[in-house]
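**Student:** Quick one: structure below, then a few questions.
The values are calculated or read from the model by the stated rules, or taken from the named source; none is laboratory data. Quick caveat, the model's predicted, so the values are computed rather than measured. We place every Cβ from the backbone using ideal geometry, glycine too, and count neighbours over all the protein chains shown. Ligands, DNA and RNA are stripped out before the accessible areas are found, and what is left, the full protein with its side chains, is counted by its heavy atoms. Shrake-Rupley method; radii C 1.70, N 1.55, O 1.52, S 1.80 Å.
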Amino acid sequence: MSNNKEKLFTEFASPTTQEWLDKIQVDLKGADFNKKLVWRTNEGFNVQPFYRREDVLKLKTPDALPGEFPFVRGNKKDNNSWYVRQNIVVDDPKEANAKALDVLNKGVDSLGFRFHPDNLSADFIETLLEGIYCECVELNFCTCKRRSLELAKLLTSYFEKKGYDKEKIVGSIDWDPMEKIVMSGKDITPILDIAPKLVEALKEYPNFRCITVNAVALNNAGAYIVQELGYALAWGNEYLNRLVEAGVEPTLAARKIKFNMGISENYFMEIAKFRAARLLWAEIVKQYEPKCDCACKMCVNAQTTSYNLTLFDSYVNLLRTQTETMSAALAGVHSIVVTPFDAVYEKPTDFSERIARNQQLLLKEESHFDKVVDPSAGSYYIEELTHSLADVAWKLFLKVEDEGGFLAAIKNGSVQDDINATNEKRHADAAKRKEFILGTNQFPNFTEKAEGKAPIVCHCNCGDDSEATFKAIKASRMAADFEQLRIHTQNSGKAPVAFMLTIGNLAWRQARAQFSSNFLACAGYKIIDNLGFDTVEAGVDAALEAGADIVVLCSSDDEYATYAVPAYQYLNKRAMFIVAGAPACMDDLKAAGIENFIHVKCNVLDTLKEYNEKLGI
């Protein structure tokens with residue numbers, strides 16, 4: 001074998017960063033580099049169009065090793081395997097047990113059981129876990145936070161009765177009272193005193209966690225990545241600090257905390273988020289002086305977000321959840337839950353749950369994502385994102401600490417105000433199509449009907465009907481406003497017909513017709529497109545013959561001065577008249593009586609609501 005270590009392509013000179021920038025500036029032909037190519041993220045930092053080795057050399061993250069502090073490159077050294085988790089809502093323990101046994105034979109190796117506290121008993125646990133080998137499966141449980149300590153004792157009794165090895169029991173109890181406070185504003189702070197008792201009940205089970213940080217709730221409420229990350233760290237630190245102050249040894253306290261985090265559609269940023277999360281959490285735990293670095297490992301269950309899921313064109317949800325799952329898998333999380341594509345409008349079917357399972361299994365069995373530890377390591381781009389996210393998230397963490405910690409922050413409402421403001425901004429951006437929702441506010445399925453589908457609203461208070469004491473987070477999916485509009489149109493019994501009156505310049509009329517068709521179909525209007533007309537009179541006659549409620553003039557800006565007014569006058573208010581675009585002659589057209597214009601700067605949602613009102617819908 002040759003020992004020649006000569007590098008390839010040494011005869012080519014390596015261009016400097018400045019040479020790259022000079023070449024880019026030439027190609028931009030005088031356009032502003034920062035405006036054209038620098039990405040101004042929602043996370044509070046800018047992303048350059050390219051990075052080089054010299055950018056990464058100044059960072060510390062590439063020097064880390066897998067399985068070693070600060071765990072930025074993952075908790076494992078030899079593989080990237082994760083648990084494939086499926087959650088089951090338990091109405092009947094026997095039926096839930098049968099379903100669990102079935103999915104365990106179909107690739108799942110982690111189960112999440114959610115049940116009402118009234119069902120809790122030793123018999124219930126035995127029935128639920130009958131035939132499940134708890135040493136081979138991760139088990140996760142969620143019930144009323146007031147009954148979680150009782151649940152822990154029932155589980156340990158069951159495990160001891162079966163003679164299981166305590167080291168091999170892996171799982172968690174979803175105990176997170178602060179989620180209730182931040183999401184619903186209910187004051188359940190007295191329950192926080194249960195935490196040390198819960199840890200004590202499970203201290204002999206080193207791989208079973210019982211204190212949870214449900215930052216996924218913020219993700220599902222529209223939080224930006226840096227908000228979810230920064231608040232999750234403060235959230236976890238609040239629990240850790242309270243446990244240590246209550247006398248729990250720091251190593252034990254840290255090893256009992258689990259993070260449930262969401263995965264948004266921002267592919268590379270999500271990979272960086274989980275890497276940055278491990279890095280920062282390890283540094284936080286280290287300050288409590290645990291007995292070993294293993295306590296600094298962050299255990300993350302990642303769940304695909306529901307914030308961007310849609311009721312219409314719901315199979316697009318599969319594309320969303322697949323890329324989200326890929327982000328979490330490549331980032332090296334502990335377990336993943338894929339939200340079924342139909343979860344927003346119905347109880348997931350066997351089909352949708354099977355698809356959700358298989359989305360993970362494809363990544364494991366066919367793409368081998370579980371074989372390589374931290375495959376994104378060394379990527380100049382992802383390393384830079386990891387560093388930048390860690391920097392801004394740490395600043396948010398320190399801000400919360402300055403307010404007195406996470407509990408104090410949610411009591412004074414600063415966290416809720418921050419997330420609600422982001423949610424409102426994202427809804428406003430979606431209304432203007434600054435944020436695209438494929439199949440909903442952009443490229444909708446023209447012929448799709450709701451057919452009785454309606455968004456599912458969850459009201460889970462575990463019997464708690466008390467008034468809210470603090471501010472609450474107003475969670476709503478980004479597509480909800482458009483869905484409500486489209487369902488309202490369909491339920492009216494009247495399907496407005498929008499007719500594209502295409503005339504003049506071929507390229508412009510086709511582009512304008514496509515834009516207008518997508519615009520108006522967002523409200524569920526019936527679209528009739530056309531190849532083109534020789535005169536506006538012929539176009540108007542064809543529109544009226546087709547029963548059009550709306551006639552959209554599609555042409556070039558220059559030609560609108562010729563076509564718009566004659567078309568409007570010939571139509572003579574027999575249907576709504578719209579001009580597609582914002583031509584320079586708009587003021588003149590308005591003076592002639594034309595009111596309606598649609599273009600890229602429109603608020604699509606408000607415009608369609610206005611049209612519905614004009615059409616009597």
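**Student:** Please work out the Kirkwood hydrodynamic radius for segment 88-208, using every pair of different C-alpha atoms, and report it in angstroms with one decimal place.
**Tutor:** Computed over Cα pairs of segment 88-208, the Kirkwood hydrodynamic radius comes out at 15.0 Å.
**Student:** While we're on this one: State the Cα centre-to-centre distance between segment 495-563 and segment 86-141 in whole Å.
**Tutor:** Rounded to whole Å, the Cα centres lie 57 Å apart.
**Student:** With the calculation restricted to Cα positions, what are the radius of gyration and Dmax of segment 271-323 in angstrom?
**Tutor:** Just the Cα atoms of segment 271-323 yield Rg and Dmax of 16.9, 52 Å.
**Student:** Would you work out the charge dipole size for the chain about its Cα centre, treating the Cβ of every Lys and Arg as +1 and the Cβ of every Asp and Glu as -1, and quote it to the nearest 20 debye?
**Tutor:** 620 debye
**Student:** Once you wrap a convex hull around the alpha carbon atoms of the chain, what is its projected area averaged over all directions, in nm²?
**Tutor:** The number I arrive at for the chain is 35.1 nm².
**Student:** Can you list the lysines whose alpha carbon sits under 18 Å from that of Lys35, skipping same-chain ones fewer than 8 residues off?
**Tutor:** In chain and number order, the partners are Lys23, Lys434.
**Student:** Among Trp39, Phe443, Ala377, whose Cα lies farthest out toward the positive end of the dipole of the chain, if unit charges sit on the beta carbon of Lys, Arg (+1) and Asp, Glu (-1)?
**Tutor:** Final value for the positive-end residue is Ala377.
**Student:** Out of Trp394, Leu407, Pro290, whose Cα points farthest toward the positive end of the dipole of the chain (charges: +1 Lys, Arg; -1 Asp, Glu; placed on Cβ)?
**Tutor:** Positive-most Cα among the choices belongs to Pro290.
**Student:** Using the scaling law 2.2 N^0.38 Å as the reference, what is the normalised Cα Rg of segment 476-617?
**Tutor:** Dividing the Cα Rg of segment 476-617 by 2.2 N^0.38 Å gives 1.00.
**Student:** Show Tyr158, Tyr288 ordered by accessible area, largest first, where the area counts protein heavy atoms only and the probe is 1.4 Å.
**Tutor:** In descending accessible area the options line up as Tyr288, Tyr158.
**Student:** Further, regarding this structure: Rg(Cα) of segment 513-569 divided by 2.2 N^0.38 Å?
**Tutor:** Taking the Cα Rg and dividing by 2.2 N^0.38 Å, one obtains 1.12.
**Student:** What does the convex hull of the Cα atoms of segment 280-410 come to per residue, in Å³, rounded to a whole number?
**Tutor:** Spelled out: Cα convex hull of segment 280-410, divided by residues, is 170 Å³.
**Student:** Report, in cubic angstrom per residue, the convex hull volume of the C-alpha atoms of segment 216-299.
**Tutor:** 78 Å³
**Student:** Any idea of the accessible area per residue across the chain, 1.4 Å probe, to the nearest Å²?
**Tutor:** Ligands and nucleic acids excluded, the figure is 45 Å² per residue.
**Student:** Could you sort out which of Lys60/Lys166; Lys76/Lys166; Lys347/Lys395 sit more than 32 Å apart by Cα distance in this structure?
**Tutor:** Lys60/Lys166; Lys347/Lys395
**Student:** Taking every alpha carbon pair in segment 337-447, what does the distance histogram look like in 5 angstrom bins from 0, in percent?
**Tutor:** 2, 9, 8, 9, 13, 16, 19, 16, 7, 1, 0
**Student:** If you roll a 1.4 angstrom probe over the protein chains with everything in place, what fraction of the accessible area of segment 200-345 belongs to carbon and sulfur, to the nearest %?
**Tutor:** Carbon and sulfur together cover 51 percent of it.
**Student:** I would also like to ask the following. So if I place +1 on the C-beta of Lys and Arg and -1 on the C-beta of Asp and Glu, and nothing else carries charge, what would the dipole magnitude of segment 224-360 be about its Cα centre? I want it in debye, nearest 20.
**Tutor:** Once rounded to the nearest 20, the dipole reads 420 debye.
**Student:** Two decimals is fine: what is log10 I(q)/I(0) at q = 0.13, 0.27 Å⁻¹ for segment 151-213, from a Debye sum with one equal scatterer on every Cα and no solvent?
**Tutor:** These q points yield log10 I(q)/I(0) values of -0.40, -1.14.
**Student:** Right, next: Would you work out the charge dipole size for segment 272-343 about its Cα centre, treating the Cβ of every Lys and Arg as +1 and the Cβ of every Asp and Glu as -1, and quote it to the nearest 20 debye?
**Tutor:** Computed about the Cα centre, the dipole is about 260 debye.
**Student:** Report the Rg/Rh value for segment 194-347, based on alpha-carbon coordinates and the Kirkwood definition of Rh.
**Tutor:** 1.02
**Student:** Hey, which aspartates and glutamates would be in cross-link range of Lys474, C-alpha to C-alpha under 16 Å, not counting anything within fewer than 8 residues on its own chain?
**Tutor:** The qualifying aspartates and glutamates are Glu179, Glu228, Asp417, Asp418, Glu424.
**Student:** Holding the Cα-Cα limit at 27 Å, pick out from Lys258/Lys471; Lys99/Lys168; Lys106/Lys145 the pairs that are longer than that.
**Tutor:** Lys106/Lys145
**Student:** Something else about it: Semi-axes, largest first, in whole Å: what does sqrt of 5 times each Cα gyration tensor eigenvalue give for segment 35-143?
**Tutor:** The equivalent ellipsoid of segment 35-143 has semi-axes of 45, 19, 13 Å.
**Student:** A further question on this structure: Given the -39500 (n - 2.57) contribution per DSSP H run of 4+ residues, what per-residue ellipticity at 222 nm results for the chain, rounded to the nearest 500 deg cm²/dmol?
**Tutor:** Roughly -13500 deg cm²/dmol at 222 nm, from the helical runs in the chain.
**Student:** Let me see the pair-distance distribution of segment 414-542: every alpha carbon pair, 5 Å bin width, integer percents in order.
**Tutor:** Taking all Cα pairs of segment 414-542, the binned fractions are 2, 9, 14, 15, 15, 13, 11, 8, 5, 3, 2, 2, 1, 0 percent.
**Student:** For segment 478-568, which whole-number percentage of the solvent-accessible area (1.4 Å probe, protein heavy atoms only) is attributable to carbon and sulfur atoms?
**Tutor:** The nonpolar share, carbon plus sulfur, comes to 50 percent.
**Student:** If eta is 1.567 mPa s and T is 4 °C, what Stokes-Einstein diffusion coefficient results for segment 290-361, Kirkwood Rh from Cα pairs, in µm²/s?
**Tutor:** 98 µm²/s
**Student:** Working from the alpha-carbon coordinates of segment 1-90, get Rg over Rh, Rh being the Kirkwood radius.
**Tutor:** My calculation puts Rg/Rh at 1.15.
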